[in-house]
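Below you'll find the structure, written out as structure tokens, and then a few comments.
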Amino acid sequence: MSNNNKHFIIDPTTLVRDSLQGFVQANPHLSLDSQQKVVFIKDLASRRAHHVTLLCGGGSGHEPSHAGFVGEGMLTAAVCGHVFASPTSSQVLSCLRRIYSEEKGSLVVIKNYTGDVLNFGRAVERFKSERVHQGKPMPKVAMVIVGDDVGVVNPNDDEEGGVGRRGLAGTVLAYKLAGARAANGDNLEEVKKTIEYVASHTFTIGCALNAASVPGQGMPRSLKENEIEVGMGIHNEPGFEKKTLESADKLIDGLVNHIVKSHPFAKASPSGKGNVVILVNNLGATSNLEMGLVTKLAVEAAASRGLKAVRVLSGTYMTGLAMPGISLSILVLPDNQHEQQELVALLDQRADCPGWINQAHQVVDAGNTDESAKGPAQSYTPASDPTWERIIETAYKNVVEQEPEVTRLDQLMGDGDCGQVLLSGATAIYEASKDKSLPLNDPSAALARISSIVEDAMGGTSGIIYCLFLDGLSQQLHQILKDSQEKSLTAKVWGKATLGALDTLYQYTTARPGHRTLIDALQPFAKTLAETGDVKAALEAADKGAKATATMKPKRGRAVYVGQNDGLADAGAVGLVSVLTGISEALQK
């Protein structure tokens, strides 16, 4: 099936920033941090003083999500990544510094995608860490992850897959209800409770007539003229079923049926009946004429199953660029009449933002956009250390040597960039060491600085996993040195800190030993080092864990979509062992 590969564009690399500049020009109640690609309300001082502040974000290409929902009655700010790519943790951190409410606290709301969970999670940890280092109280910050997609759930199976349910248009309902409660002056716990209810009681499924053309890249794939794909994701991810396009009444009835037959829906609504909110979302290129038909059919299909739509929303809320398709979301309302009326009232409450049903109005008072609201960034004093410099150089050289093999493995089971991404990170750290720009006399500070270097150099999921681990390791070492009478960092102390850092990482990824990831090498290394203090034995355990991935079925990462590994070890685990080998060799010299 043909689709439009032509776009209004100057340069794909500047499209997001250029678009955001036009967006705030058309919506004068908003401001833009152009460098960090953060959209925030102008009346920021008042919001921070009296209300819980709400922060969201994700990749661009889903407009009006997420910046379109920044305004009075909804979000305080939104952080925008590149097209279909999560913003970095540094972008998110800059936003947290800016909008954090000392009085009421802040809530971070994200869709359930690995990059978003890791980057926003790391930003929260960095924010906590820098506040502690500055001698301030632990900040009141909470994060809620919304995964409303039931297109990844087999209706006949309770298993959702290791990556969990994706976040789709139902997330907008979470923004709206939480934003209304925050606007009413409720505390962080009450706002969080509302959004958690929406997250656990909203169910979405989508379908598309074709994938969307990506500016600068074109069409990733194309359906036949008479095909439709059910479950296609908002980033062009493949759905669970391709079939011949059928009459709209049969199609929409089948989508509603998939939702109500899914195990997550059954858990939220054991009776399968009751009052609901229905949100019909345009994925970007469906005509308003067709949207009216789809809305009518969705309401009728729900009613035929005992689900009464007390509110129906229809429009463009979360797109996949110009994807010709729709998604249906059903929010199950509480059985308790008072609680139900309260949620509906929050939904009805006016929200002045460009993406919601109400058109946003200009805010007369521009408020305080003082850059100091972002808070000071953490600073470091460079210092040399021969042992650290030897470790960094040896690890770098070993990564250079092993990169071709890591790349080969990833080309066969992933997207082929694992080796180059790892090498980019190792090179950046090595160059920083040669330039004498690392605080190597302070291990905790050195690791924190290295983590920031890794984020800038590596990117991607593997990069943020390394960053989160290094962040945790930095915090663990800082605490150990602060609490312990013994100031020397023995191998066992490093092992203890490594295990603690692994716990930090586990807060933001569901990957565990046996899932065929770098965790299969990292966990045995940390455990052995903590128990024995023997670096060589720990390396042997890591190498054994990496080799064991050759017999494992992939359960995380892109290799999940391949399904089997043909006796190949995981590229990420092998890459980590190359780093650990270099460290071990340096310590034995």
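Things worth noting here:
- In the set (1) at pLDDT 90 or above; (2) out of contact with any Asp or Glu (no Cβ under 9 Å at 6 or more places or on another chain); (3) buried (at least 18 other Cβ atoms within 10 Å of the Cβ), the condition left unmet by GLY459 is number (1).
- Output for region 65-85, where each listed residue is over 15 Å from VAL39 (Cα atoms) and assigned to a loop (DSSP other than H, G, I, E, B): GLY73, PHE84, ALA85
- Residues being among the hydrophobic types (A, V, I, L, M, F, W, C) and out of contact with any strand residue (DSSP E or B) (no Cβ under 7 Å at 6 or more places or on another chain) - total across region 282-302: 4
- Any hit, region 16-27, residues being open to solvent by 30 Å² or more (accessible area, probe 1.4 Å) and at pLDDT below 95: no
- Scanning region 472-516 for residues being at pLDDT 90 or above, under 29 Å from GLY135 (Cβ atoms) and polar (S, T, N, Q) gives a total of 6.
- GLY135 meets the stated requirement of being closer than 30 Å to LYS482 by Cα and either open to solvent by 40 Å² or more (accessible area, probe 1.4 Å) or touching a Ser or Thr at 6+ places or on another chain (Cβ under 6 Å) (or both).
- The residue that is farthest from the chain's Cα centre (by Cα), among those in region 308-319 that are part of a loop (DSSP other than H, G, I, E, B) and more than 14 Å from THR202 (Cβ to Cβ), is THR316.
- Checking each residue in region 240-273 for being of a type in the set (Asp, Glu), touching a strand residue (DSSP E or B) at 6+ places or on another chain (Cβ under 7 Å) and modelled with pLDDT of 95 or more picks out no residue at all.
- Filtered by the rule that a residue be open to solvent by 70 Å² or more (accessible area, probe 1.4 Å) and either closer than 13 Å to SER578 by Cβ or without any contact (Cβ under 8 Å) to a residue 40 or more places away in the chain (or both), region 379-404 gives SER379, PRO386, LYS397, GLU401, PRO404.
- Any hit, region 142-163, residues being at pLDDT 95 or above, part of a helix (DSSP H, G or I) and surrounded by 21 or more Cβ atoms within 10 Å (Cβ to Cβ): no
- Residues that are modelled with pLDDT under 95 and either part of a loop (DSSP other than H, G, I, E, B) or of a type in the set (A, V, I, L, M) (or both) do occur in region 45-56, at least one of them.
- In region 328-345, the residues that are farther than 18 Å from ASP186 by Cβ form Cβ pairs under 7 Å with partners that are acidic (Asp, Glu), at six or more places apart or across chains, as follows: SER329/ASP148.
- Selected residue (only one of GLN91, GLN25, GLN36, GLN21 is in a loop (DSSP other than H, G, I, E, B), polar (S, T, N, Q) and farther than 18 Å from ALA322 by Cβ): GLN36
- Annotation note: Cβ proximity below 6 Å between a residue of region 290-307 that is in a helix (DSSP H, G or I) and a residue that is of a type in the set (D, E, K, R) and crowded, with 16+ Cβ neighbours inside 10 Å (sequence gap 6+ or interchain) occurs for ALA301/ASP253.
- Against the conditions (1) in a helix (DSSP H, G or I); (2) under 30 Å from VAL144 (Cβ atoms); (3) in contact with a Ser or Thr (Cβ under 7 Å, 6 or more places away or on another chain), ASP503 satisfies every one except (3).
- Filtered residues of region 499-512 (kept if farther than 16 Å from LEU580 by Cβ and open to solvent by 20 Å² or more (accessible area, probe 1.4 Å)): ASP503, TYR506, GLN507, TYR508, THR509, THR510, ARG512
- Qualifying residue in region 332-345 (condition: among the β-branched types (Val, Ile, Thr), in contact with a Lys or Arg (Cβ under 9 Å, 6 or more places away or on another chain) and open to solvent by less than 10 Å² (accessible area, probe 1.4 Å)): no
- Residue, farthest from SER578 (Cα to Cα), within region 405-438, restricted to residues that are in a helix (DSSP H, G or I) and acidic (Asp, Glu): GLU431
- Given (1) open to solvent by less than 50 Å² (accessible area, probe 1.4 Å); (2) at pLDDT 95 or above; (3) outside any strand (DSSP E or B), number of the condition GLY367 does not satisfy: (2)
- SER46 surrounded by fewer than 24 Cβ atoms within 10 Å (Cβ to Cβ) and in contact with a Ser or Thr (Cβ under 7 Å, 6 or more places away or on another chain): no
- Test: residue in region 471-492 that is among the charged types (D, E, K, R), outside any loop (DSSP other than H, G, I, E, B) and touching a residue at least 60 places away in the same chain (Cβ under 8 Å): yes
- Whichever residue in region 261-278 is without any contact (Cβ under 8 Å) to a residue 60 or more places away in the chain and part of a helix (DSSP H, G or I) and, among such residues, is farthest from GLY325 (Cα to Cα): LYS267
The values are calculated or read from the model by the stated rules, or taken from the named source; none is laboratory data. All figures in this text were calculated on a predicted structure; none of them were measured in a lab. So basically every Cβ, Gly included, is an ideal-geometry build from the backbone, and we count neighbours across all protein chains shown. Surface areas here come from the heavy atoms of the whole protein model, side chains and all, with no ligands, DNA or RNA. Shrake-Rupley method; radii C 1.70, N 1.55, O 1.52, S 1.80 Å.
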